[in-house]
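Structure first, then comments.
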């Protein structure tokens with residue numbers, strides 16, 4: 001970022017290539033709508049570009065980036081006036097994820113697809129605060145303390161939210177595993 | 001029991017070794033659309049190449065050298081300014097003029113020469129009582145103009161003045177009521193003594209000293225006298241430091257009279273009259289010759 005501030009465009013390209021996918025996933029998982037996620041993604045990087053002149057190294061770039069992203073998401077939800085409820089992934093979506101006929105073991109593939117769908121559903125059903133912390137933890141690689149700072153809560157609160165989120169997701173996985181084991 | 005298992009699982013999750021993390025990352029490899037990438041990278045490039053950014057970078061690049069140069073210019077100007085002021089102060093340094101005045105005898109208002117306003121604001125007068133005779137020695141710092149015009153006298157004019165002064169001296173010698181030969185010798189001796197003791201700069205060297213100090217030239221009559229052949233006698237009767245200060249010169253003459261040196265006092269009085277013909281001196285002033 002410092003190199004980009006000095007006019008090195010290549011440095012920005014490297015930075016963008018490294019962070020674009022995790023950031024996009026975070027936004028998509030948070031707002032659960034691809035169009036909105038794309039808008040927010042553009043807004044976040046626009047703010048990063050605009051702030052390059054006054055950028056100072058106070059923390060990791062990750063913290064800086066996800067703080068902007070979190071604030072953009074919050075602003076978006078405030079503007080929308082309600083939590084944007086994305087459409088639940090239905091059976092057709094699961095079918096799209098299924099591998100082709102060339103798959104050697106279609107049963108296994110189906111089981112994996114079902115497990116993914118179950119996991120995704122469990123993720124979408126998490127309370128927004130817990131989902132926010134979980135996705136941040138998974139995508140940004142930041143510590144709980146930094147996540148607490150980004151979301152504006154104490155580290156213990158962030159840890160507690162994460163614990164609940166992980167517990168629910170694990171339960172969803174366990175529910176599916178016996179069924180898959182039976183088949 | 002289940003709580004401890006959950007704790008263990010959670011610790012495992014925090015170490016990023018949990019199946020939850022594996023499942024999450026195996027969901028899908030979502031990437032932003034390529035057109036979004038192009039938009040953002042184009043925006044970043046435009047920001048870097050914008051004239052405002054160029055201007056900002058140029059300013060950042062030159063801000064330190066410009067600040068240094070400005071500081072240097074200010075520092076040099078301050079040093080030069082203070083140097084000029086010091087030089088003016090040095091050239092304006094007054095020569096110390098000694099004068100004596102009897103305390104009991106107040107100076108007549110007419111005889112008080114108005115001093116320069118600047119020097120009136122900062123008088124540098126030291127007074128010391130001298131013994132039983134109740135005299136006060138005033139050490140006045142006579143004001144001098146900062147930049148007095150220097151009068152350069154050509155050699156021919158100098159010679160003419162010297163001749164004129166010699167003629168005047170001869171006439172003085174011939175005059176019956178002036179000084180006899182014995183008195184003249186005494187004057188000469190006193191002049192030598194006083195010039196060696198009191199006057200480090202003889203009157204004949206006045207022009208050199210005055211030009212070096214950039215002070216105003218003395219009156220014409222004094223200049224004539226300064227160039228006289230027997231300048232030593234003149235020097236004792238009219239020391240160089242008095243030629244600009246009639247008041248101090250009168251005090252000097254009074255002092256000569258009090259010491260009983262009437263001959264030299266008379267000579268000094270004549271020189272004084274010649275130098276300052278318009279200077280008002282009280283009729284009963286001790287400096288006047290005894291009738």
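Within 10 Å of the Cβ of each residue in B:14-21, the mean number of Cβ atoms contributed by other protein chains is 5.
Given a Förster distance of 25 angstrom, what is the FRET efficiency for residue A:80 paired with residue A:157, based on the Cβ-Cβ distance and rounded to 0.05?
Numbers: r = 25 Å, r/R0 = 0.99.
So the FRET efficiency works out to roughly 0.50.
For the peptide B:70-83, the mean number of other protein chain Cβ atoms found within 10 angstrom of a residue's Cβ is 0. Going from the fewest other Cβ atoms within 10 Å to the most, the residues B:21, B:50 appear in the order B:50, B:21. Peptide packing: for B:275-283, B:72-80, the average count of neighbouring Cβ atoms within 10 Å per residue gives the ranking B:275-283, B:72-80, highest mean first.
As a length-normalised measure over Cα pairs under 8 Å and 6 or more apart, the relative contact order of the range A:125-174 settles at 38 percent.
Shielding value for A:2-15 is 3, the average number of Cβ atoms from other chains within 10 Å of each residue's Cβ.
Every number here is computed from the coordinates shown, using simple stated rules; none is lab data. Just so it is clear, the model here is predicted, and its values are computed rather than measured. Because the Cβ atoms are built from the backbone with ideal geometry, glycine has one as well, and the counts that use them run over all protein chains shown.
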